[in-house]
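Below: the structure, in structure tokens.
Just so it is clear, none of the values below were taken in a lab; they were calculated from the coordinates. These numbers were taken from a predicted model, which means no experiment stands behind them. Glycine gets a Cβ as well: all are built from the backbone with ideal geometry, and neighbour counts include every protein chain shown.
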Amino acid sequence: MTRARVLLLTAALGPLDYRVPYGSEAPLGSVVVVPLGPRRMGGVVWEDASFGAPEPVGDNRLRNLFEVVPVPPVPAPLRKLVEWTSDYYLAPPGSVLRMVLPGAAFADARRPIVEYRATGELPARMTPQRTVALEKIGTRQGLVRELAALAEVSEAVIRGLVKAGALEAVAVSADQPYPEPDPGFAPPDLSDEQTAAAGQLRDAVAAAKFETLLLDGVTGSGKTEVYMEAIAAAIDAGKQSLVLLPEIALTEPMLTRFAARFGCEPVAWHSGLRSTERRRAWHSIAAGEAKIVVGARSALFLPYAKLGVIVVDEAHEMSFKQEDGVHYHARDVAVMRGHFEGLPVILASATPALESLAMVEAGRYRHIVLPARFGGATLPDLAAIDMRQDPPDRGRWLAPPLVDALADRLHKGEQSLLFLNRRGFAPLTLCRTCGHRIQCPNCTAWMVEHRLVHRLACHHCGHVMPPPRLCPECEDEDSLVACGPGVERVADEVSSRFPEARVAIVTSDTLWSPAKAAEFVDNVEGGLVDIIIGTQLVTKGYHFPNLTLVGVVDADLGLDGGDLRASERTFQQIAQVAGRAGRGVKPGEVLIQTRVPEAPVMAALVANDRDGFYSAEAAARKFAGAPPYGRFAALVISSEDIEVARGQAQRLGAKAPVADGLAVYGPAPAPLAMLRGRHRFRLLLHAPRSFDLQGTIRDWVNSVEWSSKARLAIDIDPYSFV
Ligand code: ADP
Ligand code: ZN
């Protein structure tokens, strides 16, 4: 009899043993469907020795597995990566495996699927709901479920529209091959510096060995063009390439760029895909057919059959760290994947993370530098505006020198960008009479006013409410005032100062779809926009040659939180957004509004002294034993019942491990004491680099009784300290 140990796609269980029915075969890595109680569940056949090698179950208690799914087995190096990720981040292995095998893996790619799209005919009976639904659907196509979600109506409404002839069925096949990218389609003429860098990358791909290469080039130096040569080399070798981007919004412009270089769009992978697209992409990736995959961090765990190189673009971005579920850092796991699979990993950035530079210094990463912008473009001039000396007018947010600079660009027909990392109109609504502040009922957070949609919204849980007319506390009328600016408020000021200016607001509220992002790029490139006002979404990726002025509205915003990476993040963000200015022939200017121009990070930005900033920051981190020279881990205990959360945190705190070099802080209410209706208490561990934090935490957590009403989230190497 053959047996198989199966790691299931559930967080709740370790591997379980099954019988392989007579006549079937299920070698290691096979994707299978098995019975679990009354349910069917997916899983992968795994090594007996993994996960502490649990005792095998007796033959008489084995159940037959149902099915071996006809997809390629999960290869051994990827199984190792799943184990490593689960071990390192203290996450259930089944949760990590889910990222390898999303639902799309189990859907038969050969079975045709029926999607629906608008016919252009209006139904005989129109209702306001139907009108709105058809408007929201527009020219898009999808499953009934997807269209219902898109139009924010029930599935019954969509089916009604099908019956009435307003939507029609379209058969979609999910196993169509993708077009093959052609490395010789439109190769660029590289500069000498670019040629040297590209040569190193090409050689690393040809060597097919593990190595991490830090492609460190100033904004506009042509990093993308250069790493595309590594991808061309992978295609020449018959291998696949993966490009990880920090944000979905960046995928669309990147697809277009790749199409210009390789003759066809790469395969995209992110949470915004329709289920048919997801199915087609997954199967093509697992078969080794999708040659270039561009995606968000979730693309990292997919079972590429023949991966040749991984590129992490904007590798310093902290959004590569996942903040829920498995708390992994995609940049770090990408390097581990390269290690297990024996392939090069390229980290591209103009402002690398301190962690990456420390690895260069330690001789672990190869440093490839592009010191100048391509084509003779110069780096912009940066200057600080001291908001104490040059304050804006009352109730305004732009200081006179910035207003003058905007007027100058408008006059010259050049474009400007104002950066403020805050969505909405105002971050706080306050009662002038009683001082009451409008707070989210589910979170320790203020409700943010979004004036364009007449709503207050919580940026943590998504709770929305109409703006109240009366103060909810003292019931005074017309006493509520908006405090502080968000991008919408800055846009108001710009419009009142320059009524003739054409303004584009760019946030996740306005650029929520690839089509919207493409429209924005077209409008700016076509000269239909004078002033862009945006959040961190506009700080990277875009190349607008006629954009010559960047204004940072509140450079101090990121320093307030005071977490250990606050200065680094501020430096990176401002250097990145500054990098949008003067990318063409006209030089760029950057004005930074700050109340602390003397702060080292501001001084370094203005002096264009990156090395000075990094070495001072590294020295401070070393002194504090902070990453990358020491380690942190956070444990957050949460419950809907505050007493349960507190009691659980105290039980854990009472058994806190004691060891040389280890410091345990807390338990204390987390800075975000309530989130999505759950009360949160936090413990923070601080230890030297060499300390076995994971082992210590595992033993500690297992030594305590757990209430079924309390939840524990473990965050190894945290980036968020709330
Ligand atoms: P980075 O990613 O370093 O900011 P990009 O790769 O976006 O830089 O390059 C900046 C701009 O210069 C892009 O429009 C790019 O197409 C162009 N560019 C860079 N290198 C070349 C080259 N060798 N030939 C033609 N255009 C180039
Ligand atoms: Zn909330």
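Peptide packing for 141-154, 75-88, 233-246 was compared via the average number of neighbouring C-beta atoms within 10 Å per residue; ordered from the highest value, the list is 233-246, 75-88, 141-154.
Working from label points 7 Å from Cα in the Cα-to-Cβ sense, the Asp408 to Ala208 distance is 5.7 nm.
Expressed in nm to one decimal, what extension gain is obtained for the pair Trp84 and Glu323 from 0.36 nm per residue of sequence separation less their Cα-Cα distance? Show your work: numbers first, answer last.
On the way: separation 239, 0.36 × 239 = 86.04 nm, distance 1.85 nm.
This chain segment gains 84.2 nm when fully extended.
Over the chain, consider all pairs of different Cα atoms and compute the Kirkwood hydrodynamic radius from their mean reciprocal separation; express it in Å, one decimal. Can you show the working numbers first?
Details: mean 1/r = 0.0355 Å⁻¹.
Final number for the Kirkwood radius of the chain is 28.1 Å.
Can you tell me, using C-alpha contacts under 8 Å and at least 6 residues apart, the relative contact order of the stretch 640-688 as a whole percent?
On the way: 59 pairs, mean separation 21.4, N = 49.
Averaging sequence separation for qualifying contacts and normalising by length gives 44 percent for the stretch 640-688.
Here is the short version for the chain: Cys264, Cys461, Cys483 have no other Cys C-beta closer than 4.7 Å.
If I take R0 = 22 Å and measure r between the Cβ atoms of Arg63 and Ala11 in this structure, what FRET efficiency does the formula 1/(1 + (r/R0)^6) give, to the nearest 0.05?
Working: r = 21 Å, r/R0 = 0.96.
Using R0 = 22 Å, I get an efficiency of 0.55.
Taking the fewest neighbouring Cβ atoms within 10 Å as the starting point, the ordered list for Tyr304, Tyr116 is Tyr116, Tyr304. When only the Cβ of Lys, Arg, Asp and Glu is charged (+1, +1, -1, -1), the dipole of the chain relative to its Cα centre reaches about 1820 debye.
Ignoring everything except DSSP H segments at least 4 long, calculate the 222 nm mean residue ellipticity for the chain; use -39,500 (n - 2.57) per segment, divide by total residues, nearest 500. Walk me through the intermediate numbers first.
Values: 19 runs with 216 residues, N = 722.
That calculation yields -9000 deg cm²/dmol at 222 nm.
For the stretch 430-444, putting each phi into the Karplus relation 6.51 cos²θ - 1.76 cosθ + 1.60 with θ = phi - 60° gives couplings of 10, 8, 5, 7, 10, x, 4, 10, 7, 10, 5, x, 9, 9, 7 Hz, in residue order, rounded to whole numbers and with x for Gly and Pro.
Using Cβ contacts closer than 10 Å as the measure, can you line up Met126, Met602 from fewest to most?
Least crowded to most crowded, the residues run Met126, Met602.
Cross-link reach is defined here as a Cα-Cα straight distance under 23 Å, omitting same-chain residues fewer than 8 places apart; for Lys163 the lysines meeting it are Lys136. With the simple spin-label model, which puts each label point 7 Å out from Cα in the Cβ direction, the Arg689 to Asp609 separation comes to 2.6 nm.
A dipole drawn for the chain from +1 and -1 charges on Cβ atoms has a positive end, and of Phe520, Leu456, Ser638 the residue lying farthest that way is Ser638. Need one word for the stretch 3-74: rounded, prolate or oblate. Basis is the Cα gyration tensor (sqrt eigenvalues a ≥ b ≥ c); a/c below 1.5 gives rounded, then a/b vs b/c decides. Since a/c stays below 1.5, the shape of the stretch 3-74 is classed as rounded. Looking only at the stretch 237-364, where both bridge partners belong to it, what percent of the DSSP beta bridges are antiparallel (to the nearest 5)? Bridges in the stretch 237-364 that DSSP calls antiparallel: roughly 5 percent. For the chain, the relative contact order works out to 11 percent when only alpha carbon pairs closer than 8 Å and six or more residues apart are counted. By other beta-carbon atoms within 10 Å, ranking Phe210, Phe66 with the fewest at the front produces Phe66, Phe210. Using a cutoff of 8 angstrom between alpha carbon atoms and counting only pairs six or more residues apart, the relative contact order for the stretch 29-175 works out to 22 percent. Full extension of the chain between Lys306 and Lys136 yields a length gain of 57.2 nm, computed as 0.36 nm times the residue separation minus the alpha carbon distance. Checking the cross-link pairs Lys306/Lys516; Lys622/Lys655; Lys321/Lys655 against a 31 Å limit on the alpha carbon distance flags Lys306/Lys516 as lying beyond it.
If you restrict to DSSP beta bridges whose two residues both lie in the chain, what percentage is antiparallel, to the nearest 5? List each step's numbers first, then the result.
Numbers: 60 of 112 bridges.
The answer is about 55 percent antiparallel.
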